[in-house]
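The values are calculated or read from the model by the stated rules, or taken from the named source; none is laboratory data. As the structure is a prediction and not an experimental result, all values here were calculated from the model. Note that each Cβ is placed from the backbone with ideal geometry, even for glycine, and that neighbours are counted across all protein chains shown. Side chains are part of the model used for accessible areas, which takes the heavy atoms of the whole protein and leaves out ligands, DNA and RNA. Shrake-Rupley method; radii C 1.70, N 1.55, O 1.52, S 1.80 Å.
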Amino acid sequence: MKPTGTDPRILSIAAEVAKSPEQNVPVILLKLKEIINITPLGSSELKKIKQDIYCYDLIQYCLLVLSQDCSRIQGGWTTISQLTQILSHCCVGLEPGEDAEEFYNELLPSAAENFLVLGRQLQTCFINAAKAEEKDELLHFFQIVTDSLFWLLGGHVELIQNVLQSDHFLHLLQADNVQIGSAVMMMLQNILQINSGDLLRIGRKALYSILDEVIFKLFSTPSPVIRSTATKLLLLMAESHQEILILLRQSTCYKGLRSLLSKQETGTEFSQELRQLVGLLSPMVYQEVEEQKLHQAACLIQAYWKGFQTRKRLKKLPSAVIALQRSFRSKRSKMLLEINRQKEEEDLKLQLQLQRQRAMRLSRELWLSMLEIVHPGQVEKHYREMEEKSALIIQKHWRGYRERKNFHQQRQSLIEYKAAVTLQRAALKFLAKCRKKKKLFAPCRGLQELTDARRVELKKQVDDYVRRHLGSPMSDVVSRELHAQAQEQLQHYFMGRALEERAQQHREALTAQISTNIEQLMKAPSLKEAEGKEPELFLSRSRPVAAKAKQAHLTTLKYIQAPWWKKLGEESGDEIDVPKGELSIELETLFIGGTKPP
């Protein structure tokens, strides 16, 4: 099952690999290296990327590419070395999930074996190369392959035993070249430092081969680098495992090893390790007694442990027998249920067949009885009506099948049509909102000019109203006083309204300032996390106001610059998230008021 929320970069690479020809696949797989490198190590995002790479079989593609001939791969050894790095990094830290058995038992051993095969191929090319530059380049690729193998073994320690027993690894260890030999022996030393216990789990023949090759390089190679690495490796194996030390002391194959080591040159950079190795191989009586005591103690511990294990198995024997009986009975009951189910299915099929035959017989009898009832002159008409009904039924079923088939074929076009209708509806709604806004904010056009006929009509209505509603007579002095009182009250009203408006504006400004201060304080760091002059910034009144103004300005700009299809269903006053980085670009240059210099 494919994971949900897959990285789109992994999806695009998987699609390219699936569509591209075989020769272009290695170059496409190199894009995984950039994705892995830019992701932080040990993060959950890197684990998710590795799981996506494994689920879309990109690791298997890398393994298939590495198993091909290098001359057919575009980019040659450069591409192969980078693919080994990608494969080792993807396998380490991967959680395969349901396919864990296939991953650990097939994919990982195959990857380690392919790395060893590539190392042998690079070793052969290095030996056959004539130019020094070409040798240096091949040695660099060999180092990358060995580092990738070591990275894979560090993440999956269970592969060390397979690598140490491989014939390809033994061939690499037997290389006569100084650079290749030192690189392989250094890798073996690092492997044993990770987990030296796997050295005793390999076969006796493989262990003797590794020891023989290390001792041969120690005495036969004039290179001090090889001799130093071989001495350190032999000392590490002897110190890590008592069995190997006993083998080097008592085995007839290594009888003169101590004397040969004593004759080696002193004063070299590895003389200290050489003296330690000679000291370990020195035949001391007390050491042999200690070894004998340790051997006897180990035999006693093994005897007690084996007795304990045997008694434990004997105690568990009745429960094991009960478990076997339970499993046998459950299996037998399942078999009986399966047999009964098959019998029931067969009986059901037989009953259906009998019912079908009985129904056909009844329909034929009914047909014959109807023919007996029908008048002989109407038989042909009856036949014609039955044929027409049958033809209509067949046509109905055929047309239904054809329409259903056409519907399934036209389903995509219907979906596209519905989508287009939805877009058109949204666009029409948006245009209607725009027209509504234009009408709201359109300037007042003024009153229409009156015609002469309309003026005469209005004057006639006014005269009629004055004639019907005659007012009480008022003197000129009283009317002027009344007018002066009205003007005074109107002036008092306008002055009071201006004061109320200013007070309302002041209240709104204070409310906005309080809300801005609350928002800034909510977003401010705690006192433990505050550093520098951050507490002093909240003493200023200009900074919160500038921040709020900046946010409103950026909100308006984002709304104006957004495309029309993003504004569907939105209003110009809706809140838009503004990144904190954009909001604090120019706030450092603001004047911070409200504080005095010290």
Problem set entry | Formal net charge of residues neighbouring residue 59 (Cβ-Cβ distance under 12 Å; K, R +1; D, E -1) | -4
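Give me the extension gain from residue 321 to residue 464: residue separation times 0.36 nm, minus the current Cα-Cα distance, reported in nm with one decimal. Kindly include the intermediate steps, with their values, before the conclusion.
Values: separation 143, 0.36 × 143 = 51.48 nm, distance 12.15 nm.
Using 0.36 nm per residue and subtracting the Cα-Cα distance, I get 39.3 nm.
For the range 58-119, which whole-number percentage of the solvent-accessible area (1.4 Å probe, protein heavy atoms only) is attributable to carbon and sulfur atoms?
45 percent
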Exercise. Given the Cα-Cα distance of residue 440 and residue 457 and 0.36 nm per residue of separation, how much length would full extension add, in nm?
Worked result: 2.8 nm
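Tell me the per residue accessible area of the range 105-216 using a 1.4 Å probe; a whole number in Å² is fine.
On a per-residue basis, 45 Å².
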Exercise. Which lysines, on any chain, are close to residue 436 with Cα under 17 Å apart, when same-chain ones fewer than 8 places away are left out?
Worked result: 567
Exercise. Taking the range 42-100 as the region of interest, what is the percent of Cα-Cα pairs per 10 angstrom bin, listed from the shortest bin to the one with the maximum distance?
Worked result: 22, 49, 24, 6
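For the range 324-429, with all protein chains present and a 1.4 Å probe, just round the carbon and sulfur fraction of the accessible area to a whole percent.
Numbers: 6070 of 10320 Å².
C and S atoms contribute 59 percent here.
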For this session: Give the accessible surface of the range 387-518 per residue, rounded to a whole number of Å², with probe radius 1.4 Å and ligands, DNA and RNA excluded.
Result: 99 Å²
Problem set entry | Whole-Hz couplings from phi, Karplus 6.51/-1.76/1.60, listed for the range 494-507; x for Gly and Pro | 5, 5, x, 5, 4, 5, 5, 5, 5, 5, 5, 5, 5, 5
Exercise. Efficiency by 1/(1 + (r/R0)^6): what FRET value for residue 328 and residue 12, r their Cβ-Cβ distance, R0 = 60 Å, to the nearest 0.05?
Worked result: 0.65
Seminar exercise, completed: Using a 1.4 Å probe on heavy atoms of the protein chains only, the accessible area for residue 495 in Å², nearest 10, reads 120 Å²
Exercise. Setting aside same-chain residues fewer than 8 positions from residue 343, which lysines have a Cα under 19 Å from its Cα?
Worked result: 331, 334
Seminar exercise, completed: Flagged as over-length at 30 Å C-alpha distance, from 429/558; 48/523; 205/306; 33/232, the pairs are 48/523; 33/232
Seminar exercise, completed: Taking R0 as 22 Å and r as the Cβ-Cβ distance between residue 373 and residue 393, the FRET efficiency 1/(1 + (r/R0)^6), rounded to the nearest 0.05, comes to 0.45
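Whole number please: convex hull volume per residue, Cα atoms of the range 404-521, in Å³.
349 Å³
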Seminar exercise, completed: Short to long, in 5 Å steps from zero, the percent of alpha-carbon pairs of the range 32-133 per bin is 2, 11, 22, 22, 17, 12, 7, 4, 2, 0
Seminar exercise, completed: Length gained, residue 552-residue 508, 0.36 nm per residue minus C-alpha separation, equals 14.2 nm
Exercise. Tell me which lysines have Cα within less than 20 Å of residue 389's Cα, excluding those fewer than 8 residues away on the same chain?
Worked result: 381
Problem set entry | Solvent-accessible area per residue, Å², over the range 1-94 with all protein chains present [probe radius 1.4 Å] | 49 Å²
Exercise. Roughly to the nearest percent, how much of the accessible area of the range 134-193 is carbon and sulfur, given a 1.4 Å probe?
Worked result: 49 percent
